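Okay, structure first, notes after.
The numbers here are math on the coordinates, done by the rules we state, and not lab data. If you're wondering where the values come from, they're calculated on a predicted model, not measured in any experiment. Methodologically, a virtual Cβ is constructed for each residue, glycine included, from the backbone with ideal geometry; neighbour enumeration extends over all protein chains shown.
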Amino acid sequence: MAHIYQATLSPNKMELLSAWLPAQPWFPGGGPAALRQVGAYRFDDPAGEVGMETILVAAGETVLQNPLTYRGAPLEGAEQWLIGTMQHSVLGMRWVYDACGDPVYVAELAAAVVAARPQAEEMVDVDGQSVRREPSVRVQSSGSAAADAPVPSGALSVSTVDGVTSISDGAVELSILRVLELDGSTTGTHPLTATWDGQTVPVQLASAKLAL
């Protein structure tokens, strides 16, 4: 489960994304003032060290998918994926990465897509007690819970073309949509989809192909 603190973040997540997103090739334009958060979902790190959250952001009529990882120390060799740092009032300094370059996220996304591993249950501190919170984005996998989750090799090959980021790690090839198609169209195998308030038609988030 994802334990969510009632904390102050400086800068906050939307401030980081507002500075980073307009410089990305898939950004449709508009500028930081046009951005608003639509919702978010999380995955669990089995080791309990890395926070993983995917934030959906609207830029005008376009919805962008932004997978993030939060780490308590820099990820070695991942400088190109660093979005920025933030001060967390409970956990201290956090390094925030574009999760497509983080092997912990890639492994959990592969497990969600192929083996139907569910999104993280969200628990929030309320008056010293942990209270379950309904996620604002609800994720559905077309994979099989009977399938084995791919075992990552640890070496990632990442590229982005036309708003789709492709990740290969030797065990699985993942496609992550940075720009979401809200009409419900799907491509690839094992599509991972989601709904949220105001979006009842399932929208594809990612797909996977197992390496031969």
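Numbers below:
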{"read-out": "Residues of segment 50-70 that turn out to be over 21 Å from residue 197 (Cβ atoms) and in contact with a Gly (Cβ under 6 Å, 6 or more places away or on another chain), as a count", "value": "1"}
{"read-out": "Conditions (1) assigned to a strand (DSSP E or B); (2) surrounded by 21 or more Cβ atoms within 10 Å (Cβ to Cβ); (3) among the hydrophobic types (A, V, I, L, M, F, W, C): number failed by residue 112", "value": "(1)"}
{"read-out": "Positions within segment 188-212 being part of a strand (DSSP E or B) and either exposed (fewer than 15 other Cβ atoms within 10 Å of the Cβ) or of a type in the set (A, V, I, L, M) (or both), in sequence order", "value": "192, 194, 200, 201, 203, 205, 206, 208, 210"}
{"read-out": "Filter result for the condition that a residue is without any contact (Cβ under 8 Å) to a residue 60 or more places away in the chain, more than 20 Å from residue 104 (Cβ to Cβ) and surrounded by fewer than 17 Cβ atoms within 10 Å (Cβ to Cβ), over 185, 157, 142, 166", "value": "185"}
{"read-out": "Check on residue 124, without any contact (Cβ under 8 Å) to a residue 12 or more places away in the chain and not in a helix (DSSP H, G or I)", "value": "no"}
{"read-out": "Pick from segment 46-93, criterion within 15 Å of residue 3 (Cα to Cα) and among the acidic types (Asp, Glu), ranking: surrounded by the most Cβ atoms within 10 Å (Cβ to Cβ)", "value": "53"}
{"read-out": "Among the candidates 130, 175, residue that is surrounded by fewer than 15 Cβ atoms within 10 Å (Cβ to Cβ) and part of a strand (DSSP E or B)", "value": "130"}
